[in-house]
Amino acid sequence: MAAVSPAYAVTYLSLDQAQALMFPGALLTPASKILTAEQVAAVEKGSGVRMSSPQVQAWRSVDGGWFLLDQVIGKHELISYALALDASGVIRQVEILDYRESYGGEIRVPAWRKQFVGKKSGAPLLLDDDIKNISGATLSCRHITEGIRKMLAVYATALAH
Amino acid sequence: MKLKKITLAAASLGLTLAVTHAGIASAADSTTTDAKTQKLEEQIDSLAQQLNALKAELNQVKAQNQAIVAQQTEIATKVAAPSPMENLSLWGYGEAYYSQPIHDNSKSQADLARAVFGIGYRFDDKTTFNSEFEVEHAIASSEDAGEMEVEQFYVDHQINNSIALKAGLFLIPSGLLNLKHEPTNFFGVQRNFVETFIIPATWREGGIGAHGDTDIGIGWDVGVTTGVKLSGRDATTGLKAETALDLGNSGAGPLAATHQELSLANASNLSQYLALGYKGIPGLNVGASVFTGKAATQDPTVNLGGQRVTLWEAHSRWTPAKFDLSALYARGTISNTGAYNALTPGAPNPTPSAFNGWYVQGAYNVWQNTTYRLAPFMRWEYYNMGESFSGLVPGFEPPQAGDRSLSDHVFTAGLNFYVTPNVVLKADYQTFSINEDLSRLELGLGVAF
């Protein structure tokens, strides 16, 4: 489990810390994938979000759950976040690992991230709809929401079967 | 003997029978072998077909593998190639309007109000530079109304996870609009009047500050900056505006012409600010701020006793379900204006002792998918740029005849249609209670990336 993300300005959690927090005591096996062009197209169609790379950073837990790592742009800097899915693809937890913007760091407020818990592929996951916005951090909120919508589509397309 | 013959005969018969049987059996065996051969041939054919299918599949998998290797190489190359652009960020925003006064179509105007481009650079994990450059009204020259401005120019340095320092020309954290003034972030073609006249958005000063947020949702921002220079206002000209667009661009707000924007700013007195906000509950944002400081010395030979300029505001935005509700109140005071106004007795545009404004606004997401969003809104606002005065000639109260009222109630109804989250088309209808003839219909295009 080498560090996948580079060191950012504000590192709230390292990769190892995030994995230990989201899958306490569980063995995680690297299960990263490179999606085929057809899978990328399916993810983009299903989520309405463009995939910047076909690479999916994933780990599989012994109980069938998934730890997914992803990066999105906040306003113009990268935000690194992790998603824990249970064996049926339902979101158990969302954690922010690194945040580089000068403003908008409120996305790490637990109450905002809790809105995603229980969602699965097919949920609307739209800002100002089923996901409430943090005013003043709109871009970070929108891009994390889109990122999660994309990762759930990745799960449904390439990991669920 | 006889028995022997019989036995021989029987044996002979048996032999004959046996031979005959063998002959029959041999014929039957030949038939079975043919069938088997045929079956084997069929099986071989089937296997050959399967083999061909497998070969095709193998070729397909090989091709896929090659594609994946090519993709991986491409990714590796992308990751490996260092670029000077890597640490650079570019962004921008802008807005264009069409504004038509309801009562006088001949005064309709269209304007590229703002075109702003930002450049940022990350020096290391902790230190960044941000800047924004703005052209107002499309052309900036001595013969045109436009201006070229540096809107932000500062360095931000992260001390730890909860504290960062900034220095340079940066935005004052006041109200809902000032820090987030891109057209995609507010309802209505134009910015509201309260955050134009009372809070002088886009309000920036030069100085140093510290800011941060906590994981329970409390944010803070505190600093020392350049402040207000009262002589920036022209006391001898009253508020004139032929249209609402003129009014918005008039710079009539008490702080609009007096804040210094780090343009050869008088820094003999500095101001301080403090802003606190709470965003710990999803969809809720409450905050307040105060900015205070002595105005820059006007003329050292005249003792005016010093004017302290203070602006405070409280704001709240709440987005339950598909609603987007916000409210803001702001009030400013300037002390010792009596002595200051006495310098220009009877002037039509004296400096107020107090000014204030508020608005309430509600919007609703009528329709939204992953790309489009349609949100109608309504806003009711009140501004008063001359709540109170002191040091005026007895019997004189602005505005003078022919000048615009310094206060008004403005009602705006309209809609924002987001083509993408970065591109918004806007339309609204705006009515004024006192300056009735300023009522207008507006269309706008806003972009931010």
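The values are calculated or read from the model by the stated rules, or taken from the named source; none is laboratory data. These numbers were taken from a predicted model, which means no experiment stands behind them. Glycine gets a Cβ as well: all are built from the backbone with ideal geometry, and neighbour counts include every protein chain shown.
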Filter result for the condition that a residue is over 16 Å from the mean Cα position of the chain (by Cα), touching a residue at least 24 places away in the same chain (Cβ under 8 Å) and either farther than 30 Å from B:HIS211 by Cα or part of a loop (DSSP other than H, G, I, E, B) (or both), over A:ALA26, A:ALA41, A:ALA84, A:ALA58: A:ALA26
Residue tally, condition away from every other protein chain (no Cβ under 14 Å) and without any contact (Cβ under 8 Å) to a residue 12 or more places away in the chain, over segment B:182-223: 0
Could you tell me whether segment B:326-343 includes any residue that is at pLDDT below 95 and within 14 Å of another protein chain (Cβ to nearest Cβ)? no
Being aromatic (Phe, Trp, Tyr) and touching a Phe, Trp or Tyr at 6+ places or on another chain (Cβ under 9 Å) is the filter here; which residues of segment B:82-141 pass it? B:TRP91, B:TYR93, B:PHE117, B:TYR121, B:PHE123, B:PHE129, B:PHE133
Among the residues of segment B:156-173, write down those that are at the interface with another protein chain (Cβ under 9 Å from one of its Cβ atoms) and surrounded by 19 or more Cβ atoms within 10 Å (Cβ to Cβ). B:ASP156, B:GLN158, B:ALA164, B:LYS166
Inspect all residues belonging to segment A:105-115 and state whether any of them is within 14 Å of chain B (Cβ to nearest Cβ) and small (Gly, Ala, Ser). yes
In segment B:218-236, anything β-branched (Val, Ile, Thr) and either crowded, with 17+ Cβ neighbours inside 10 Å or not in a loop (DSSP other than H, G, I, E, B) (or both) is listed as B:ILE218, B:VAL222, B:VAL224, B:THR225, B:THR226, B:VAL228
Contact list, first residue from segment B:149-174 and free of Cβ contacts under 8 Å to residues at least 12 places away in the same chain, second anywhere and of a type in the set (A, V, I, L, M, F, W, C), beta-carbon distance below 6 Å, six or more apart or interchain, is B:ASN161/A:VAL10
Residue count, segment A:38-49, condition farther than 11 Å from A:MET151 by Cα and more than 11 Å from chain B (Cβ to nearest Cβ), comes to 3
Condition set among the acidic types (Asp, Glu) and assigned to a strand (DSSP E or B), scope segment B:163-217, selection farthest from B:PHE133 (Cα to Cα): answer is B:ASP213
Would you check which residues across segment A:106-115 are in contact (Cβ under 8 Å) with a residue 24 or more places away in the chain and surrounded by fewer than 21 Cβ atoms within 10 Å (Cβ to Cβ) and list them? none
Segment B:259-285, subset within 14 Å of another protein chain (Cβ to nearest Cβ) and assigned to a loop (DSSP other than H, G, I, E, B), residue surrounded by the most Cβ atoms within 10 Å (Cβ to Cβ): B:LYS279
Are any residues in segment B:328-366 of a type in the set (Gly, Ala, Ser), under 32 Å from the mean Cα position of the chain (by Cα) and surrounded by 17 or more Cβ atoms within 10 Å (Cβ to Cβ), and if so, which ones? B:ALA330, B:GLY332, B:GLY357, B:ALA363
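Each row is one residue, and each column tells you yes or no for (1) β-branched (Val, Ile, Thr); (2) closer than 30 Å to B:ALA145 by Cα.
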{"position": "B:PRO254", "(1), (2)": "no, yes"}
{"position": "B:GLN260", "(1), (2)": "no, yes"}
{"position": "B:GLN272", "(1), (2)": "no, no"}
{"position": "B:GLY277", "(1), (2)": "no, no"}
{"position": "B:ILE281", "(1), (2)": "yes, no"}
{"position": "B:ALA314", "(1), (2)": "no, no"}
{"position": "B:ARG317", "(1), (2)": "no, no"}
{"position": "B:PRO320", "(1), (2)": "no, no"}
Residues A:THR145, A:THR157: which one is under 13 Å from the mean Cα position of the chain (by Cα), more than 8 Å from chain B (Cβ to nearest Cβ) and of a type in the set (S, T, N, Q)? A:THR145
Could we say that A:LEU97 is within 18 Å of A:VAL117 (Cβ to Cβ), in contact with a helix residue (DSSP H, G or I) (Cβ under 7 Å, 6 or more places away or on another chain) and not β-branched (Val, Ile, Thr) here? yes
Give the residue, chosen from B:ALA288, B:ALA256, that is at pLDDT 90 or above and either assigned to a strand (DSSP E or B) or basic (Lys, Arg) (or both). B:ALA288
For segment B:407-419, check the following and say yes or no: at least one residue is buried (at least 19 other Cβ atoms within 10 Å of the Cβ) and more than 29 Å from A:ASP128 (Cβ to Cβ). yes
Which strands (runs of 3 or more DSSP E) sit wholly inside segment B:329-440 and have at least 2 residues that are among the small types (Gly, Ala, Ser)? B:354-364, B:373-388, B:407-420
The one condition in (1) more than 14 Å from chain A (Cβ to nearest Cβ); (2) free of Cβ contacts under 8 Å to residues at least 60 places away in the same chain that B:PHE323 fails to fulfil: (1)
